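A.B. asks: Sharing a structure, written as structure tokens. Questions coming.
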Amino acid sequence: MGAVTVPKTSIYLRDYFELVPGSEATFCSSATALVNYAPQDWRLIAAGSFDESYDLKKPPDVKDQPPQMMHIWRVAGWDTLYNSMYETSELGWYMSLEASIQRESQDFLVAYRAGSGVTRRPEWKADGTPGYLYRYDTLLLNKGANQFSFLTALVSFASVVKAKGWSWIWSASSVTGEQRVLSLLWCAPTIDDFEDALADQTIQCFYSKIQSYADRFESRYVFPIATETFLKAV
């Protein structure tokens, strides 16, 4: 009998960060340099701001504090982050990247369900606007939650909202940080596409079923930022 091949688990790095006011251009060029340094190790799943009014390419003239933003990366391995830091820490662009970030919080996650729950994010429109946004759900699963039943409910929900224009971009569970936390990222053209779907009684029943497996459930809208245009979608 031949050896059983075990699928490799996808590893993700979720990076919450806030920039030093006025450092947007430096951050963009330095982040691009990081990925170009080792493109096989860093793949951008999604990038966004929690503030709809913020534009990374056209920051306000007034040097107000930029909002919290988020990058979700698929990384080659557990040591990718630290190897990249070690290899590049004395390079000028990496020092500029470090200097442009005021606050940062990073966590490792693994794919929640191999082979599904990850869809390539859309391309930005020709006019330089994204034409879509994300809905970002995080839930703390009950300790006694039946994983199979929860997954069934999640897949059922994903199937019904797909017909309403939603795409299931990403799903992963925490490895570092708080345990039993699952993160889901959905995509749709407009906020109305999200809200109208959830106003449907049938879809709301599916959504409530997912929430019933969680001790805590939070949803936030995430608005794509320009690093998505610099870095190839996966």
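The values are calculated or read from the model by the stated rules, or taken from the named source; none is laboratory data. Note that the structure is predicted; figures quoted are calculated from it, not measured. Note that each Cβ is placed from the backbone with ideal geometry, even for glycine, and that neighbours are counted across all protein chains shown.
A.B. asks: For the subset of the range 147-174 comprising residues that are surrounded by 16 or more Cβ atoms within 10 Å (Cβ to Cβ), of a type in the set (Phe, Trp, Tyr) and free of Cβ contacts under 8 Å to residues at least 60 places away in the same chain, which member is nearest to VAL110 (Cα to Cα)?
C.D. replies: For the range 147-174, the residue satisfying everything is TRP168.
A.B. asks: Ok, one more. Kindly indicate whether any position in the range 105-120 is within 15 Å of ILE225 (Cα to Cα) and touching a residue at least 12 places away in the same chain (Cβ under 8 Å).
C.D. replies: no
A.B. asks: Are any of the residues in the range 78-85 assigned by TED's automatic domain parsing to the domain that holds ILE203, charged (D, E, K, R), free of Cβ contacts under 8 Å to residues at least 60 places away in the same chain and surrounded by fewer than 13 Cβ atoms within 10 Å (Cβ to Cβ)?
C.D. replies: No - not one qualifying residue is present in the range 78-85.
A.B. asks: Output the residue which, of all residues in the range 177-223 that are more than 20 Å from SER156 (Cα to Cα) and polar (S, T, N, Q), is surrounded by the most Cβ atoms within 10 Å (Cβ to Cβ).
C.D. replies: Going through the qualifying residues, I end up with THR190.
A.B. asks: Kindly provide the set of residues from the range 79-126 that are among the β-branched types (Val, Ile, Thr) and touching a helix residue (DSSP H, G or I) at 6+ places or on another chain (Cβ under 9 Å), ordered by number.
C.D. replies: Answer for the range 79-126, where residues must be among the β-branched types (Val, Ile, Thr) and touching a helix residue (DSSP H, G or I) at 6+ places or on another chain (Cβ under 9 Å): THR88, ILE101.
A.B. asks: Also, I was wondering about something else. Being in a strand (DSSP E or B) and buried (at least 16 other Cβ atoms within 10 Å of the Cβ) is the filter here; which residues of the range 99-113 pass it?
C.D. replies: Within the range 99-113, ILE101, ASP107, PHE108, LEU109, ALA111 qualify.
A.B. asks: Any idea which residue in the range 114-164 is modelled with the highest pLDDT, counting only those that are touching a Cys at 6+ places or on another chain (Cβ under 9 Å) and in a loop (DSSP other than H, G, I, E, B)?
C.D. replies: Ranking the candidates gives TYR132 first.
A.B. asks: What do you reckon, is SER30 at pLDDT 90 or above and within 15 Å of GLN102 (Cβ to Cβ)?
C.D. replies: No, not satisfied.
A.B. asks: Now, a different point. Give just the number: which of (1) farther than 23 Å from LEU19 by Cβ; (2) assigned by TED's automatic domain parsing to the domain that holds TYR207 does THR138 not satisfy?
C.D. replies: Checking THR138 against (1) farther than 23 Å from LEU19 by Cβ; (2) assigned by TED's automatic domain parsing to the domain that holds TYR207, the one that fails is (1).
A.B. asks: Quick check on my filter: what residues within the range 36-48 are closer than 30 Å to SER219 by Cβ and either surrounded by 19 or more Cβ atoms within 10 Å (Cβ to Cβ) or free of Cβ contacts under 8 Å to residues at least 40 places away in the same chain (or both)?
C.D. replies: TRP42, LEU44, ILE45, ALA46, ALA47, GLY48 - these are the residues of the range 36-48 that are closer than 30 Å to SER219 by Cβ and either surrounded by 19 or more Cβ atoms within 10 Å (Cβ to Cβ) or free of Cβ contacts under 8 Å to residues at least 40 places away in the same chain (or both).
A.B. asks: If ASP107 satisfies every condition in (1) within 16 Å of the chain's Cα centre (by Cα); (2) outside the structural domain of PHE17 (by TED's automatic domain parsing) but one, which is the exception?
C.D. replies: (2)
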